[in-house]
1. At the nearest 100 Å², what buried accessible area, both sides summed, do you get for C and B when the probe is 1.4 Å?
2. Cα to Cα, under 25 Å, and not fewer than 8 places away if on the same chain: which lysines meet these conditions relative to A:Lys3?
3. Once label points are set 7 Å from the Cα along Cα→Cβ at both C:Ile188 and C:Asp249, what is their separation, rounded to one decimal in nm?
4. In region B:164-212, what residues drop by 50 Å² or more in accessible surface going from the chain by itself to the full protein assembly, probe 1.4 Å?
5. Which FRET efficiency, nearest 0.05, do B:Asn51 and B:Thr259 yield, Cβ-Cβ r, R0 51 Å?
6. Collect residues whose amide H, placed 1.01 Å from N in the peptide plane, falls under 5 Å from the amide H of A:Gly17; neighbours closer than 5 in sequence don't count.
7. Straight-line reach only, C-alpha to C-alpha below 12 angstrom: list the aspartates and glutamates that C:Lys2 could link to, leaving out same-chain residues fewer than 8 apart.
8. Place +1 on the Cβ of every Lys and Arg and -1 on the Cβ of every Asp and Glu in region B:23-256, take the dipole about the Cα centre, and give the residue among B:Phe25, B:Ile115, B:Phe244 whose Cα lies farthest towards its positive end.
Amino acid sequence: MAKARGAIEVDIEKCKGCELCIGSCPFHVISLEQHVNSKGYHYAYMGNPEACTGCTNCAVVCPDGVITVFRAKSEV
Amino acid sequence: MEVKEIIRQENMVYQRSSLLTSKPFSYCPGCGHGTSNRLVAEVIEELGIQNDTIGVAPVGCSVLIYDFIDIDFSQAPHGRAPAVATGIKRVLPEKVVFTYQGDGDLAAIGTSETIHACNRGENITIIFVNNGIYGMTGGQMAPTTLPGMKTSTSPYGREVATMGTPLKITEMIAHLDGVNFVSRQAVHTPAAVRKAKKAIRAAFECQINKKGLGFVEIVSNCNSGWKMTPVKANQWMEENMFPFYPLGDIKVDGKLVKTL
Amino acid sequence: MKEFLLMKGNEAIAEAAIRAGADAYFGYPITPQSEIMEYLMTEKATERTGMVVLQAESELAAINMVYGAAGTGKKVLTSSSSPGISLMQEGISYIAGAELPCVIINVVRAGPGLGTIQPSQADYFQSVKGGGHGDYRLIVLAPSSVQEMADFVPLAFDLAFKYRNPALILSDGVIGQMMEKVELFKPIPRTEQFDQSWVITGKTPDRKANVITSLDLEPLPMEKHNHHLQAKYKKMEDEEVRFEEIMCDDADYIMVAYGSSARICSKALQLARAKGVKVGLLRPITLFPFPKVRIAELAQRVKGMLSVELSAGQMVEDIRLAVNGKIPVEHYGRFGGMVHSPSEVLEAFEKIFIKN
Ligand SMILES: Cc1ncc(C[n+]2csc(CCOP(=O)(O)OP(=O)(O)O)c2C)c(N)n1
Ligand code: SF4
Ligand code: SF4
Ligand code: SF4
Ligand SMILES: [Mg+2]
């Protein structure tokens, strides 16, 4: 069976780099960017995008509500 | 499959509630207030009650919640939110009224207003964010501060002999007949957030169905006050706060479901 | 047909609240005003008009219930007596800051502290100078008869809504407990007759969310808000001053007194006139805005003024400000729960102004 493929989009300017999403991702998709946003926070990004299943865990814990999650219907 | 192909509107499975304004939350990184604000917005949106809901904002870190959730709000003096909510609900009984309060607000200065609104069985919803500290004023001791816990006004740790033991106000409230639903939750993991959201929803439904007061405590972190990173704070919370403030439903449909 | 009743001042206020179409009353018992809530309950105000009547757990809660309900644009009132009003000051400051209309009744008793349940006018300062924290003013009406206890309730609501400001009826134990004949006004239906654009009733898609708050973290907008409040208070001073004058036209001396003390002074004035002493009485009906312009005018042609208050002398300070040193302004009054008699007032007046 094909594994669901997902992706996240982070509102970089609103991310505060708290890392809670990182620990909540079962597939170790997320890392913190070395660069900082205009507020001076390192922001989250998909360091390992292939592993994302679109499970929404990261978005659900993100205190600032800056993650949008997408899941492709299926992949052959 | 390319990431670009996945990030399409039709594939979207989670986005921030449309009831949240575009203003960034004023909370510190990783603060449970953000998650709790989000959940309140999501529940109100999902219940479709945004046109009929009036929030009461406390004094505390969440004082500006009215800047973040796009519904009518009244800000309240420190601790008085349940009285303010009572005033609103009594003259607008068909509207949905909730308070959102911290532990200093609800369990210290506002204990009387809280207990009496609960005891009268005001048909309102109370969301109580307990981080065991006064976050907004810079991390002073709260009635909910754990024994031995260091704060700026208990710099050598809360000494029970002189400062008392933490107040389990949620358990007290659960005993009041006017209260229909009581639950204690957390928002530090995806599973916890999903459960907390269910509880918040139940507390609002309780009001909508005119069953009485619904009360949800969210055991939360205060990374700044606790002087920890958000990840460390959540770990500390699991190890220290949860044994003292155990999670789960306490009262459902007017019946205690947990021996207290 | 005119409707006359023999009523206590406190009962008249309560009946007037029902007839004025009040939507809610929140209160906490305290002598000498407990009859207000008792009357509302006994007379089944809720059955009569649908008005909410709720006994709160404290004055703190009561005033915050008022704050909450007033934010919805409803006609809301509370009543208390001095120690209870002290406890309400936090909420009153918030209500003034958030610009909400409401009516507060203070049936004053003597202090400081627990004091005594006997009448007093020692709450003048906490009524007209703000009372709680910050630069704010209440509209303060001072009834001196049971009739005015009734009539000032709808007036207070009108002024409160006109200015979006709390209005205080400053009474005392004498007027609250005294029985007099009252002509009652016809009931006004409970309708929302004022501007409702600012109220919190649930945000509908056609408007922005309304927020009732007195907070601004930035000082510059807060200063602007304060300027707006001050402009409002100035407008009240320009347009809402109310007072009564008795025999001031030919007077050589003026007594200034409000509420129950004004009743006593009107007797003292008769005694003085019988002796051929030309005394007049100025009775401020609004204590804020204070009739300072009129007092300044009178100061141009009289020889002295006596502020007669059931206190150690509070209003006298405002009279002195208005008179600005032109003529002597003195104070006389019994206090701590004692009430001066007309002859005591006359004696004090003569001692201060005539015999010297
Ligand atoms: C009457 C009054 N007393 C004290 C304060 C100062 N104050 C502001 S927030 C706060 C404590 C808030 O703590 P809590 O309710 O736990 O909220 P948190 O910030 O932790 O979420 C205090 C004491 C105030 N604003 N008003
Ligand atoms: S949880 Fe949210 S705010 Fe925190 S790092 Fe992740 S995306 Fe950023
Ligand atoms: S959606 Fe799930 S898998 Fe993808 S990044 Fe978020 S937590 Fe990880
Ligand atoms: S001070 Fe504490 S409670 Fe307040 S926003 Fe920061 S982390 Fe949250
Ligand atoms: Mg707190």
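1. In total, chains C and B hide about 2600 Å² from solvent.
2. The qualifying lysines are A:Lys73, B:Lys4.
3. A separation of 3.3 nm, rounded to one decimal place.
4. B:Pro190, B:Arg194
5. Using R0 = 51 Å, I get an efficiency of 0.80.
6. For A:Gly17, the qualifying residues are A:Ala44.
7. Here the aspartates and glutamates satisfying the reach criterion relative to C:Lys2 are C:Glu183.
8. B:Phe244
The values are calculated or read from the model by the stated rules, or taken from the named source; none is laboratory data. As the structure is a computational prediction, the values presented were derived from the model and not from experiment. Neighbour counts are summed over all protein chains in view; Cβ atoms, including those assigned to glycine, are modelled from backbone coordinates with ideal geometry. Just so you know, the surface numbers come from the protein's heavy atoms only, side chains and all, with ligands and any DNA or RNA stripped out. Shrake-Rupley method; radii C 1.70, N 1.55, O 1.52, S 1.80 Å.
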